[in-house]
Amino acid sequence: GSDGWYFQLPGTPISHSMDVYKDSVCPVGDRIGEWTRNRCHHVTGTCIRIYMVWIPTKDPCNPTSGENPQILYNTTCWGCGKNCYNALKMGSIHLHHSTFVETGDADYQAVKFNRGPSFSGGEWHTDYLGIPHIKEGAFVHILPQNLNRGGSHGGKHISVMMVQDEQFIVSDSWWTNYGMIPALQDCAKCWTKPKWRGGAFTYRFSNLGWINSSKHISVHKKGIFWDIDGTLTGTPNSYSTWADKYNLKNPACKLTEAVANVTALDEWHDDPPKLIQADYEAVDSIFHVEDRLIHSRRDYAFITCTTPIRKFEVAYPEPAEVYLRQINITNLDTRLTHVYEYEDAEIFGWSFPVVANQRLEIRPNLPGLDFSQAAVRYSFSDLLEQKEADAKRNKEVVEPEWLQLVVASWSKWNHYKLMYPDFEMVGVRRGADAAAKAKSSAKLKDALSNAKALNSSASLLPSMTHGMIDEEHWSMVFAFPLARDSVSWQEEPLSARFEARRCPDEGCTLGLGDAGGNWTNPIRWSEYFATQVAADSEGVVGGRRLEDMVALTEDQSLIIPAADWVIFDLDEPLSIKNITVFGKLSFDDSADRSLESDHIIVWGLLEIGTADRPFGATTGATARVKLRGSVFDTQTYVYIEEETLHNKLLAVAGLVETYGAPRQTAFLRLKSTVLPGATSACVLNTSDVMDWGSGSEIAIAPTEFDNPAGDVERRTLTTSTWDQDNNCWRLTWSGGLSKKHYAGEFPIGNGETMALRSVIARFDRSVIFESAGTDGENYYGGHFEIFDVPGTNPLRVGQVKMFYTQFKEFGKSGLSAAVKIGYHQNFDPPPDNVFKGCAWVDSLEYGLHAQSTNTPLIIQDNV
């Protein structure tokens, strides 16, 4: 519709004839001379529309010169079709003594203060001079004479949609005849992808009035509503937001369940009340609720606290597996936990409201996944700086605040480092130059030798006090007011970055023996681990003295020294605790072999088959290596230097070579469509040899895509023969198919055609690495970890050459791919890794994750 005043201000004049003014005339940063006593009467659009940006500054052509407030006085909006005021990006622009009457949509909508992205080169444009953005506003949804008719503007869903930024101020304003329509909503557009923000911003309110308007607050995205004088909530100097579990049962807070309008609840429902339209339309509560996931997760409940509620941020975390994951936040006194989603914009982490003066624990919401480092920040610094200044001005003792943070881990750590302040938090708020300065001047904070005192005296300790409570828990304290030796407010003094360290500062001592590599005298497993019964009269078995041998049980660990070459030759499956191979371990293929373990670490060579004699190629034997364990069996986790490799693992810092029986063809394509019920298929084969015999295991790819993963169909071949009539190879199996699998060609113009054909892959192999179970719903399988260990002499670099090998139910959901290659450096010469003719079956994560450097990677004919 038609707008009243439409501001679309260019950076410089849009005219070639005015180029002389391009450096001195900058409308987007300028003020208008005076705005007063303007009126919009029943325009179909918006009265005052700022599209896209208006940022008045002292020097209009210098956006870092400081804000130059533009106050729009005495604006009347009556019957506007959309908004009275609408701004996408604004600077210091304020509506004072304005009247908003019967607008069709939100009376006021501002999306954001105009701030650059992280490290934009300058400080945020709005410097928070404390001028209310809305002052002396009169908001009228329906005039009294129109109440009986319901008014002509019944589609309004909110009155004031506040910016997605800190320090928005509303004062001296009244709302009349809004009924159940909420007056104030935080974080405009914060859930929309193009304008996504993390929320938990603080808004200030004072001297508000309400006539026939019961809904004061709509918490849209974690908003913190600071009621300075009690006219918003009835509680002076209070803070309100939605009720996350970790903030409950706090004596400084009142809990309101808005659906029933019940206060002072002391429990959290296991089954939240079902909300229907009639429920919340009839509720006499100042809090607006909707039948939405964000409110149902909190039982449609809200808290109002006389202790400050602050924004807390956990940002830029490591390792990469933490990205996009949820975070668990637990109150250490109540043991109540809430789960928050990752925010992939603004700070790349998590932001959430916390009630001050309590103890919280955080950890990623995935068993086995830990924070190795992250930036953390308590509160928006300007709010505490303002609190300190107000106390000094009023000659009062500033009210202290503190928060204890505990980082919980599944794995064990030696110590944590804490750098203060965090340069990235400084950069987000103050710009690139300030970030660079903070990075160069950041301090490493000493840790307490006995950090258990943090649990009993956190409220008494200086800010940034930290230390290990035990190997799986580290803690730190945020405290206000700041200590005298603290950095300035401009350096974000309540921010820091922690880093968990596996090794002491002097480094880990791995105790590695000499690297092997010249193995000429193999010893059979059955002889190498013999018993007294098998020894001769002088205690010698297979040329080795009995006292040099190890008798194995399932609970024992096995170490193969660097000088030894052991051939696994047991006919029966063997299960042992774990294996460390410094020497060489190979497999005899005269019969099937099966070896099961919690983990296997290869510093030397693991060899199953050779290029000249692939395993099972002539004997038909199968070699199986099974990995077992649960993500909760943290006592069996493997740690090498700073890496947590988990359990159920085959770790490679040496060499693994596997050669299964070759497959002439990895996959074929259908010649013609097969329909449900089919027990054979015609396939195209461009080679003269067809080695898919009886017993071959195949998978037929889906083409209909109703359920791609579920529509893959597996069968075991009974025959594969040449079909002379159809000029194709005919594959036959038992058990009819349940889905259609398409194959055909269709014209694409100019006499050309395109072929779309389902693929049939053969996935059985004679060398198999598989998981002994997947740990229930944790989808926790075995995995390969191929890595280097910097600083070792000789340098230990993992490498694999894997041919015709199967990985079955491998991968750790959210933690690791089935096969992960991760190097820390470049090499000369670089190792090459090969995967040819391999098959990944029922993977629980990515099949292959190559996070390497200058190392060649050959991937060929795999399925």
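The values are calculated or read from the model by the stated rules, or taken from the named source; none is laboratory data. As the structure is a prediction and not an experimental result, all values here were calculated from the model. Note that each Cβ is placed from the backbone with ideal geometry, even for glycine, and that neighbours are counted across all protein chains shown. Accessible surface is based on the protein model in full, side chains and every heavy atom, while ligands, DNA and RNA are left aside. Shrake-Rupley method; radii C 1.70, N 1.55, O 1.52, S 1.80 Å.
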Within the range 389-433, can you find the residues that are touching a residue at least 24 places away in the same chain (Cβ under 8 Å) and assigned to a loop (DSSP other than H, G, I, E, B)? 398, 400, 409, 410, 411, 412, 413, 414, 421, 422, 431
Answer yes or no: is there a residue in the range 740-754 that is acidic (Asp, Glu), touching a strand residue (DSSP E or B) at 6+ places or on another chain (Cβ under 7 Å), assigned to a strand (DSSP E or B) and farther than 29 Å from residue 603 by Cβ. yes
Could you list, ordered by first residue, the pairs with Cβ atoms under 6 Å in which the first is in the range 465-480 and without any contact (Cβ under 8 Å) to a residue 40 or more places away in the chain and the second is of a type in the set (Val, Ile, Thr), at least 6 apart or interchain? 465/477
Show the residue pairs meeting these rules: Cβ distance below 9 Å; 6+ apart or different chains; first residue within the range 659-670 and without any contact (Cβ under 8 Å) to a residue 40 or more places away in the chain and under 16 Å from residue 698 (Cα atoms); second residue among the aromatic types (Phe, Trp, Tyr) and part of a loop (DSSP other than H, G, I, E, B). 664/692
Could you figure out which of (1) closer than 16 Å to residue 422 by Cα; (2) in contact (Cβ under 8 Å) with a residue 24 or more places away in the chain; (3) part of a helix (DSSP H, G or I) isn't true of residue 439? (2)
If we keep only residues of the range 420-479 that are crowded, with 16+ Cβ neighbours inside 10 Å and of a type in the set (S, T, N, Q), then the residue farthest from residue 346 (Cα to Cα) is 465
The range 198-240, residues that are over 13 Å from residue 182 (Cβ atoms), among the basic types (Lys, Arg) and open to solvent by less than 10 Å² (accessible area, probe 1.4 Å): 221, 222
Within the range 14-69, residues among the small types (Gly, Ala, Ser) and in contact with a Lys or Arg (Cβ under 7 Å, 6 or more places away or on another chain) come out as 45, 65, 66
For residues in the range 655-670 being small (Gly, Ala, Ser) and at pLDDT 95 or above, which is farthest from residue 624 (Cα to Cα)? 661
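Each row is one residue, and each column tells you yes or no for (1) in a loop (DSSP other than H, G, I, E, B); (2) within 28 Å of residue 616 (Cα to Cα); (3) modelled with pLDDT of 50 or more; (4) open to solvent by 30 Å² or more (accessible area, probe 1.4 Å).
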{"residue": "520", "(1), (2), (3), (4)": "yes, yes, yes, yes"}
{"residue": "526", "(1), (2), (3), (4)": "no, yes, yes, yes"}
{"residue": "537", "(1), (2), (3), (4)": "yes, no, yes, yes"}
{"residue": "551", "(1), (2), (3), (4)": "yes, no, no, yes"}
{"residue": "559", "(1), (2), (3), (4)": "no, yes, yes, yes"}
{"residue": "562", "(1), (2), (3), (4)": "yes, yes, yes, no"}
{"residue": "571", "(1), (2), (3), (4)": "yes, yes, yes, yes"}
{"residue": "585", "(1), (2), (3), (4)": "no, yes, yes, no"}
{"residue": "589", "(1), (2), (3), (4)": "yes, yes, yes, no"}
What is the number of the single condition among (1) at pLDDT below 95; (2) surrounded by 18 or more Cβ atoms within 10 Å (Cβ to Cβ); (3) over 30 Å from residue 656 (Cα atoms); (4) within 40 Å of the chain's Cα centre (by Cα) that residue 715 does not meet? (1)
Taking the range 694-731 and keeping residues within 14 Å of residue 760 (Cα to Cα) and not in a strand (DSSP E or B) leaves 696, 701, 702, 703, 711, 712
In the set 608, 698, the lone residue that is more than 30 Å from residue 559 (Cα to Cα), crowded, with 19+ Cβ neighbours inside 10 Å and of a type outside the set (D, E, K, R) is 698
If you go through the range 171-197 one residue at a time, how many are out of contact with any Gly (no Cβ under 8 Å at 6 or more places or on another chain), surrounded by 19 or more Cβ atoms within 10 Å (Cβ to Cβ) and in a loop (DSSP other than H, G, I, E, B)? 6
Residues satisfying the stated conditions in the range 620-663, i.e. open to solvent by 30 Å² or more (accessible area, probe 1.4 Å) and in a strand (DSSP E or B): 624, 626, 639, 643, 644, 655, 657, 659
Inside the range 36-54, can you point out the residues that are open to solvent by 10 Å² or more (accessible area, probe 1.4 Å) and either touching a His at 6+ places or on another chain (Cβ under 6 Å) or closer than 19 Å to residue 101 by Cβ (or both)? 36, 37, 38, 39, 41, 42, 43, 44, 49
All positions within the range 225-247 that are in contact (Cβ under 8 Å) with a residue 60 or more places away in the chain, touching an Asp or Glu at 6+ places or on another chain (Cβ under 8 Å) and within 21 Å of residue 292 (Cβ to Cβ): 240, 243
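Which ones in the range 819-863 are of a type in the set (S, T, N, Q), open to solvent by less than 40 Å² (accessible area, probe 1.4 Å) and in a loop (DSSP other than H, G, I, E, B)?
The initial filter retains those residues of the range 819-863 that are of a type in the set (S, T, N, Q), namely 825-826, 833, 843, 851-855, 860, 862.
Applying the additional criterion that residues be open to solvent by less than 40 Å² (accessible area, probe 1.4 Å) yields 833, 855, 862.
Within the range 819-863, 855, 862 qualify.
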